[in-house]
Amino acid sequence: LIRHISKYLVYLMCFFFLFLSLPEDDVDLEALVNDMNSSFESLYTSCSVQTESTPLLHNGQPHRSATYQTQAQPTSPHQRLRRSQPMHILAVRRLQEEEQQYRTSSLPAIPNPFPELCSPASSPTLSSGSLPQCQPSGKYIIKIFSEDGMGKVVEIPADMTARDLCQFLVYKNHCVDDNSWALVEHHPALGLERCLEDHELVVQVQASMTSESKFLFRKNYAKYEFFKNPLSFFPEQMVAWCQETNGTIPPSQLLQNFLNSSSCPEIQGYLYVKEMSRKSWKKLYVFLRRSGLYFSTKGTSKEPRHLQLLADLEDSNVFTVITGRKLHNAPTDFEFCIKPNKVRNEVKELRMLCAEDEQSRTCWMTAFRLFKYGILLYQNYKIPQQRKTLLSHFSAPVRSVSENSLVAMDFSGRTGRVIDNPVEAQSAAMEEGHAWRKRSQRMNILGSPSPLHPSSLSGVIHRTQLWFHGRISREESHKMIHQQGRVDGMFLLRDSQSNPKAFVLTMCHHQKIKHFQILPCEEDGQMFLSLDDAATKFTDLIQLVEFYMLNRGVLPCKLKHPCTTVAL
C-alpha cells in the first residue's frame, strides 16, 4: 500500500512541475501524458527489479510463492496507464494450500507401524502376482480353512513347505500325527482342487492363486498309496511298458521305471477331451509321457506325425473337478483338469479331461505327478519313515506289564491258577461275559445306571469319536471319502436316514464305496448292535469299530483309516 501511494505522489509532483515549466498558451496534453508515462516506467522498472530480488519471508523462512514474474512491456497508451493499477495478490485459500504443502514436505519421514493396511505392494499379505520369481524371504500371512468352513490365520516364513505347515497345524490343533494330513489348493470359481506336494513352498503356491482361492486342511490317505500297491493304481492295459513285456513286470520294477528319469514309461488309453472354447467333447486316444500329454490324430497310432500336444507337464498341475458333470456337460463323472500355472480365472484356458472310471482317472493323475516330480515324491514318502526310524533309536519300544501277562486265569478256587487249555479258557471267558451281563441287569433293575442302558453314556459316547459324522446324507459321505482318498479300509459311521434307530457304516474297498447297515437287536432284555444279523453283537459303536479294525468279519476288508474332520 505504501509503495502504491508513493507512486501516486511522484506522479502528481511530476505533473505539477511539468505544468509549471510549460508556457500557458502552448500546452500539449498528449505530449505531457507521454512524458509522464515514460518517467513513471523508468521508476516502476527500478521498483520491480528491487521487488524480484527481495524474497518474501514467512516466519523467518523464504516462501516459495513469493516470486513474481516481470510482465511484458505494454505497447498501447491504454495499457501503459493500467501499469499504475494495483498488482493482483494471490487468494488466501491458495496461499494456505501452498503453505500446507510446504509444511508437509518439510516433515521428517515417520515409519508406518502397519504397512499391511496401507501399502498393498509391500504388504506381507499375499496377493496375486505380488511375489517375484526369485527366492522369497521374510514372513507372510496366509489363511487356512477346515472342512466346516472355519478359517485360521497363521504367519509362516517364506521357505516353509506344505509338509512343515501341516506338522505345525497338527501340533496346534492336537491332532493325531499319522502323516496323512495334507494342504489342498481350492479354487471355488473354477471348481478345482488339488493336494499340494510335501516339498512345495506354500508362499509360491499362494502367489499364483486368486483372491477367491483358499487353502484347506484335510486328510489325504491316498497321497502315497501307490508306493504300497502300485498294481492297483497302474492297470496293465494302460501301461505301454507292461503290454510290451506281457505283464511280467514286478511292482518294484514298475515304480522304478516311473521314478527313473532315463526310462521312458508311457500311459495310454482313451479319454474324453473337451474342445477349447466349446461345450462338445471328443473321445481320443491319449498318451502321457514325460514331455507332455499327446493325442493321436489317427486311431491309436504312435507315429510322431500323428501326435499332437494337448498339455505341458512342466508349467502345469493336475486338478480334480469338484463341480460335477453338469457344469461342463461331461460324459462321465470321472472328470479331471490340467491347469497351467499362468492361468488365473479363465475357464477357456483349462484342459478338461474325462475318464471312463475311477481307476482310470486315478491312474492318469498319479502318472502325471510321477512324471512331473519323479524321485521327489519317493523322498517325500520316505521322510516320515526315516523320522520314525530315527526316533526308535532313542526310545526303544518296551512292552507294558499288562501285555506281558495276558494269560487266562481261574479264580473259582481258593487260589488262582493259569488255564493252559485253550478250550477251557474260551469257555471261562464266555461264562464271565454272561455273569457280567446278569450283574448289569440286576443293577439296572435296582435303579443304578448301567452302561448298557440306552439312555446311559454308552448310547451317545460314539458321537465324540472322529469317525462318527451324525446325520449326513449318502452323497455327503461319498464326497467326504472321495476327498480324503479312496483307499482300502477308509470308513465313517453315520445315522441312518431310513431307520432312526440304526446306523450306517460307509467304507471304501477297491476304490468303490460300500454301505453296511448296523441294526439294533435284543437279547435277554438288553439292546445290542449288530452288522451281520445278530451273529456278532456289540454293546456300542466303539466296540463294533474296534472289533472290525482287528477282524475282517463280513466286511470286504478291515477298517483302517477313519474319515475325520478337524475344526481349526
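The values are calculated or read from the model by the stated rules, or taken from the named source; none is laboratory data. Being a predicted model, the structure only gives us computed values, none of them experimental. Please note: Cβ atoms are built from the backbone with ideal geometry, for glycine as well, and neighbour counts cover all protein chains shown. When the accessible area is computed, the model is the full protein with side chains, heavy atoms only, and any ligands, DNA or RNA have been set aside. Shrake-Rupley method; radii C 1.70, N 1.55, O 1.52, S 1.80 Å.
For the reader, a short list of remarks on this structure follows.
- Distance (nanometres) between label positions extended 7 Å along Cα→Cβ at N499 and E522: 1.5
- Accessible-area ranking of Y381, Y171, largest first, probe 1.4 Å: Y171, Y381
- Phi angles across the stretch 314-327 convert, under the Karplus curve 6.51 cos²θ - 1.76 cosθ + 1.60 with θ = phi - 60°, into 3J(HN,Hα) values of 5, 10, 9, 9, 9, 10, 8, 7, 10, 7, x, 7, 6, 5 Hz, Gly and Pro given as x.
- Taking all protein chains as shown and a probe of 1.4 angstrom, I5 keeps an accessible surface of around 90 Å².
- Here D148 and V418 are evaluated by their C-beta separation; at R0 = 45 Å the FRET efficiency comes out at 0.30.
- Filtered GluC sites (Glu not before Pro), the stretch 231-325: DSSP coil and at most 11 other beta carbons within 10 Å: E275, E314
- For the stretch 225-241, putting each phi into the Karplus relation 6.51 cos²θ - 1.76 cosθ + 1.60 with θ = phi - 60° gives couplings of 5, 5, 6, 8, 9, x, 5, 6, 8, 10, x, 4, 6, 9, 9, 5, 5 Hz, in residue order, rounded to whole numbers and with x for Gly and Pro.
- N317 long-range amide H proximity, modeled H, under 5 Å: K339, N341
- Projecting label points 7 angstrom from Cα along Cα→Cβ for S280 and M409 puts them 8.1 nm apart.
- Simple spin-label estimate for S301 and Y378 in nanometres, 7 Å along Cα-Cβ: 3.7
- Here r is the Cβ-Cβ distance between N329 and Q237 and R0 is 30 Å; the resulting FRET efficiency, rounded to 0.05, is 0.60.
- Contour excess over end-to-end distance, with Cα ends at Q426 and F547 and 0.36 nm allotted per residue: 41.8 nm
- Accessible area (Å², per residue) of the stretch 461-562, counting only protein heavy atoms and a probe of 1.4 Å: 50
- Surface share of carbon and sulfur [accessible, 1.4 angstrom probe, percent] for the stretch 208-334: 47
- Ligands, DNA and RNA are left out, and with a 1.4 angstrom probe the accessible area of the stretch 140-219 is 39 Å² per residue.
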